[in-house]
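Reviewing the structure listed below.
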Amino acid sequence: MTQNQNMLEDKIQEVGRRIQALREDMNLSVAELAEKIGLTEEEYLMYESGQKDFSFTFIYKIAHVCGVEMTEIMEGESPSLTEYTITRKGEEMPIVRREGFVYNRLAAKFKNKLAEPFYVKIPYSEEALNPPYSFSTHTGQEMDIVIKGSLKMMIGERTEILHEGDCIYYDSSTPHNEIALGGEDCEIYAIVMNPEEGGVAEYKEKVKTFTTTNVDLAKLKAPVYEKFVETTVDDKGVVNSVKFKNDDTFNFAYDVVDELARKAPSKTAMIHVTNDKKTRRFTFADLSRYSAQTANYFADMGIKKGDRVMLVLKRHYQFWFSILALHKLGAIVIPATNQLKDHDFEYRFNAAGVSAIVCTGDGDVAEEVDKSLAKSPTVKTKIICGRSKEGWNNFDEDLVKYDTVFERPADAACGTDTMLMLFTSGTTGYPRIAAHNHKYPLGHFLTAKYWHNVDPNGLHFTISDTGWGKALWGKLYGQWLCEAATFVYDFDRFDAHDILPMFAEYKITTFCAPTTMYRFFIKEDLKNYDLSSIKYATVAGEAMNPEVYNQFLKATGIRIMEGFGQTETTLTIANFVGETNKIGSMGKPSPLYDVDIQLADGKPAGVGEVGEIVIRTEEAVPNGLYEGYYLDEEKTKEAWHDGYYHTGDTAWKDEDGYFWYVGRVDDLIKSSGYRIGPFEIESVIMELPYVLECAVVAAPDEIRGQVVKANIVLTKGTQPSDELKKEIQVYVKNRTAPYKYPRIVEFMEELPKTISGKVRRVELRK
């Protein structure tokens with residue numbers, strides 16, 4: 001070993017000892033510090049002992065976690081200059097390396113830097129030119145200037161070649177890699193910036209990526225989905241095609257649940273926790289048996305193939321018994337939220353022709369149903385869970401009387417037979433009814449395997465109530481097609497402090513929730529909770545705030561992967577397993593759908609142009625896309641014409657094919673994960689005698705994302721007041737679902753209108 005090599009080794013050992021002392025001064029064990037910087041104990045000890053070559057990434061991590069400057073770690077003293085600093089040629093402060101890379105700090109003596117400038121020499125290496133590539137990512141931004149040689153710059157899925165004098169400025173949270181080209185070393189100036197946090201934040205040397213799904217890693221024997229679904233992936237593991245077979249005879253309850261009961265009867269299908277923390281474990285054999293028993297019960301109640309049955313069951317385990325039973329009977333399921341009032345029930349009963357309802361005993365839901373029945377002549381059968389009520393059949397008491405075997409009939413509903421009716425948000429009128437057939441669950445195979453990345457040996461938690469279509473995305477179809485267990489917590493009111501300990505207690509591995517709930521999690525200070533069981537996290541329903549994303553990443557090491565879809569569809573656009581996500585982007589279109597962005601004139605939108613998200617259906621209607629709006633041919637043609645389904649949502653597409661959400665074509669309000677149509681609220685407000693005109697729009701809100709705002713013109717002689725505002729709010733609360741009431745009420749002399757008399761809502765949202 002040469003004298004220079006000896007000096008280098010001595011320097012590396014010195015830095016290692018300094019890091020060890022710092023760790024001990026902070027009373028951190030090896031395991032604790034390793035976890036904080038995203039390494040195993042063995043990897044960390046290799047650095048601390050000086051056996052593994054340092055990178056500036058590692059030094060950044062240590063400095064950030066320990067709250068010190070890099071200079072203190074490298075040189076053992078604090079920087080002190082605060083006005084300016086000059087670094088002369090040859091006076092740069094190096095980060096010691098063994099492997100040929102040179103990182104010289106150019107402002108080492110300056111205190112509280114907003115940026116870290118480096119001189120970097122990247123050695124030419126034939127090995128570095130070939131995959132697998134090692135990507136880095138860190139919060140903030142970076143600018144690299146080539147001063148000698150040529151540089152291959154990989155940013156996400158794009159590659160740029162830079163030569164002497166070229167400069168690149170980029171979002172450094174995007175995975176990136178620099179490789180020298182042309183057979184010679186490349187020299188650059190690199191300026192690393194993180195202005196939001198007043199210094200260089202936590203830096204991740206390698207991105208935690210999945211190129212293989214948890215389903216594939218589980219190596220399922222004879223998976224049930226193979227009979228019905230085939231997919232292919234590209235060389236990065238990203239799903240790029242899907243094909244269905246035997247779907248014309250497919251019935252989820254028989255072909256998945258009953259089949260899994262035969263294949264793996266003792267495998268956990270669902271862990272259910274009640275509001276009072278009572279835990280039940282249901283196997284696939286249990287669910288097959290209970291759904292058969294429930295089917296016999298419902299049949300005895302007169303429920304038959306083609307009947308429309310509403311389920312208002314919150315997160316009660318009886319929901320799963322019931323929906324599977326109705327699939328077996330061939331009855332049509334209509335999930336609904338327990339927040340509906342008599343006004344809402346009356347409309348839904350009559351619009352869908354509901355003949356039976358299975359209802360929670362919690363709260364006053366059954367009482368609201370009873371109030372609506374005077375004007376709901378189609379409802380003949382009422383079944384209640386959790387308590388007895390006069391005039392209602394008791395689900396829990398009655399069920400035990402029935403046989404646990406229900407054979408598949410020869411004329412079992414399947415394929416294109418209608419299976420579900422989901423009420424939409426009703427943006428321009430009362431909610432429409434999106435009808436789905438028995439092929440719909442197959443569309444959610446991609447949702448679960450390639451977006452949720454469910455683990456057949458783990459536990460998936462989607463937080464949605466069963467009254468919303470999102471529950472079907474994450475609490476049933478796709479998860480069980482992938483033979484993964486689901487976790488259900490039947491809570492009354494969302495409480496982050498209550499839910500967070502459950503991740504460790506039940507070893508939850510994959511998770512999906514709207515942005516608002518992640519936001520509440522962040523406010524609870526995640527370092528106080530053990531979230532180590534989580535392997536994968538997803539979000540939908542609202543745009544993801546970068547701060548929420550970064551805080552969750554910092555706490556868990558997990559990137560939250562966004563997705564997009566509608567009541568009328570399954571997962572349509574998403575950041576799929578194997579892809580590099582972009583914070584704030586919905587991702588790329590699912591191979592299930594032929595998705596494009598269309599301008600108002602019908603032409604395809606170019607890069608960066610805002611247009612409507614549409615799905616081509618000229619060649620085929622994919623499994624998962626709705627059949628149309630029930631008994632509403634006009635609205636169906638409005639949305640589905642000329643070979644396209646028009647989503648009503650707008651977005652733009654970047655150079656890499658990622659979609660970025662803009663908003664609704666209409667005036668949909670999204671509040672805490674709820675999708676609210678303004679017309680329904682306006683109709684209720686207009687019932688008040690002193691209201692002359694009303695227009696409901698969205699208003700921004702820090703906590704909820706958006707809240708309902710009512711702009712009201714009063715009749716002559718009525719004086720606006722705070723008391724009147726409260727009266728209006730209470731009235732709406734009592735007439736419709738509570739989350740729909742206007743949190744903001746503004747009285748106006750007149751509403752802004754176009755020449756044709758239409759309200760200019762855009763002005764009201766200002």
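The values are calculated or read from the model by the stated rules, or taken from the named source; none is laboratory data. Please read all numbers here as calculations on a predicted model, not as lab measurements. All Cβ positions, glycine included, derive from the backbone under ideal geometry; neighbour counts span all protein chains shown.
Output the residue which, of all residues in region 446-495 that are of a type in the set (Gly, Ala, Ser) and in contact with a Ser or Thr (Cβ under 6 Å, 6 or more places away or on another chain), is nearest to SER533 (Cα to Cα). Can you show your working first?
Residues of region 446-495 of a type in the set (Gly, Ala, Ser): 448, 458, 464, 467, 469, 471, 474, 478, 484-485.
Still in the running and in contact with a Ser or Thr (Cβ under 6 Å, 6 or more places away or on another chain): 458, 467, 469, 471, 474, 478, 485.
On the way: GLY458: 9, GLY467: 28, GLY469: 27, ALA471: 22, GLY474: 18, GLY478: 21, ALA485: 15 Å.
Here the answer is GLY458.
Among the residues making up region 557-566, a single one is surrounded by fewer than 20 Cβ atoms within 10 Å (Cβ to Cβ) and not aliphatic (A, V, I, L, M): GLY557.
The residue that is surrounded by the most Cβ atoms within 10 Å (Cβ to Cβ), counting only those in region 646-663 that are touching a Lys or Arg at 6+ places or on another chain (Cβ under 8 Å) and not in a loop (DSSP other than H, G, I, E, B), is PHE659.
Just one of the listed residues (LYS766, LYS753) is within 30 Å of PHE520 (Cβ to Cβ) and free of Cβ contacts under 8 Å to residues at least 12 places away in the same chain, namely LYS766. Which residue out of PHE521, PHE503, PHE511, PHE487 is of a type in the set (A, V, I, L, M, F, W, C), under 26 Å from ASP258 (Cβ atoms) and buried (at least 17 other Cβ atoms within 10 Å of the Cβ)? Only one candidate qualifies: PHE487.
For region 131-167, filtering for residues that are in a strand (DSSP E or B) and more than 29 Å from the chain's Cα centre (by Cα) leaves 15. Of the residues making up region 702-731, those that are closer than 23 Å to PRO514 by Cβ and either buried (at least 17 other Cβ atoms within 10 Å of the Cβ) or among the polar types (S, T, N, Q) (or both) are ARG704, GLY705, GLN706, VAL707, VAL708, LYS709. Among the residues examined, ALA413 qualifies as outside any helix (DSSP H, G or I), in the same structural domain as HIS327 (by TED's automatic domain parsing), closer than 19 Å to SER322 by Cα and touching a residue at least 24 places away in the same chain (Cβ under 8 Å). Taking region 314-334 as the range and being in contact with an Asp or Glu (Cβ under 9 Å, 6 or more places away or on another chain) and outside any helix (DSSP H, G or I) as the test, the residues that pass are LYS314, ARG315, HIS316, TYR317, GLY330, ALA331, ILE332. Considering only residues in region 715-766 that are more than 30 Å from the chain's Cα centre (by Cα) and among the aromatic types (Phe, Trp, Tyr), the one that is farthest from TRP468 (Cα to Cα) turns out to be PHE747. I'd like to check something: does region 710-722 contain any residue that is assigned to a helix (DSSP H, G or I), in contact (Cβ under 8 Å) with a residue 24 or more places away in the chain, more than 16 Å from LYS670 (Cβ to Cβ) and not basic (Lys, Arg)? Looking through region 710-722, none of the residues is assigned to a helix (DSSP H, G or I), in contact (Cβ under 8 Å) with a residue 24 or more places away in the chain, more than 16 Å from LYS670 (Cβ to Cβ) and not basic (Lys, Arg).
Taken over region 495-516, residues that are under 18 Å from ALA471 (Cα atoms), outside any helix (DSSP H, G or I) and not hydroxyl-bearing (Ser, Thr, Tyr) amount to 5. Of the set (1) surrounded by fewer than 22 Cβ atoms within 10 Å (Cβ to Cβ); (2) in a loop (DSSP other than H, G, I, E, B), all apply to ALA471 but (2).
For region 168-189, the set of residues classified as outside any loop (DSSP other than H, G, I, E, B), over 34 Å from the mean Cα position of the chain (by Cα) and over 16 Å from PRO131 (Cα atoms) consists of CYS186, GLU187, ILE188, TYR189, listed by residue number. A single entry from LYS267, LYS204, LYS208 fulfils the requirement of being of a type in the set (Lys, Arg) and at pLDDT 95 or above: LYS267.
Out of ILE161, ILE147, ILE155, ILE122, which single residue is farther than 16 Å from MET193 by Cα, among the hydrophobic types (A, V, I, L, M, F, W, C) and modelled with pLDDT under 90?
Among ILE161, ILE147, ILE155, ILE122, only ILE155 is farther than 16 Å from MET193 by Cα, among the hydrophobic types (A, V, I, L, M, F, W, C) and modelled with pLDDT under 90.
Considering region 274-310 alone, what residues qualify as being among the polar types (S, T, N, Q) and buried (at least 17 other Cβ atoms within 10 Å of the Cβ)?
Those that are among the polar types (S, T, N, Q) and buried (at least 17 other Cβ atoms within 10 Å of the Cβ): THR283, SER288, SER291, GLN293, THR294, ASN296.
Could you check, for region 395-408, whether at least one of its residues is more than 21 Å from LYS304 (Cα to Cα) and touching a residue at least 40 places away in the same chain (Cβ under 8 Å)?
No: region 395-408 contains no residue that is more than 21 Å from LYS304 (Cα to Cα) and touching a residue at least 40 places away in the same chain (Cβ under 8 Å).
Each residue in region 454-468 was checked for being in a strand (DSSP E or B) and either buried (at least 24 other Cβ atoms within 10 Å of the Cβ) or without any contact (Cβ under 8 Å) to a residue 60 or more places away in the chain (or both), and 3 pass. With GLY608, GLY602, GLY563 as the choices, which residue is within 20 Å of GLU157 (Cβ to Cβ) and part of a loop (DSSP other than H, G, I, E, B)? The unique qualifying residue is GLY608.
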